[in-house]
């Protein structure tokens, strides 16, 4: 079903969605402030993400699998998976 449509909504809380992918399916999951998916390289090249690190290091630090496994049942799951994710001090305002 997921690959039959261009857009699909998945409803669930962050803990359920992230844990299913990291802890059970063993998929690589990356967390970026304001975006996810495969657009990371495009935004990095455009300077919209932290470019003080080489892209591969930035991507490595953005991978949250280990943090999600460690925070499995913790009440502060959201905070724990964000603890080591690189943050850019200020992002430009994107206008339509």
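All of (1) modelled with pLDDT of 85 or more; (2) surrounded by 15 or more Cβ atoms within 10 Å (Cβ to Cβ); (3) outside any helix (DSSP H, G or I) hold for residue 75 with one exception: (2).
Filter region 15-47 down to residues that are within 13 Å of residue 86 (Cβ to Cβ) and assigned to a loop (DSSP other than H, G, I, E, B) and give me whichever is modelled with the highest pLDDT. This residue is 31. The residue that is modelled with the lowest pLDDT, counting only those in region 48-67 that are exposed (fewer than 11 other Cβ atoms within 10 Å of the Cβ) and in a loop (DSSP other than H, G, I, E, B), is 52.
The values are calculated or read from the model by the stated rules, or taken from the named source; none is laboratory data. Note that the coordinates shown come from a computational prediction; the quantities given were computed from them, not determined experimentally. Backbone-built Cβ (ideal geometry, glycine too); neighbour counts: all protein chains shown.
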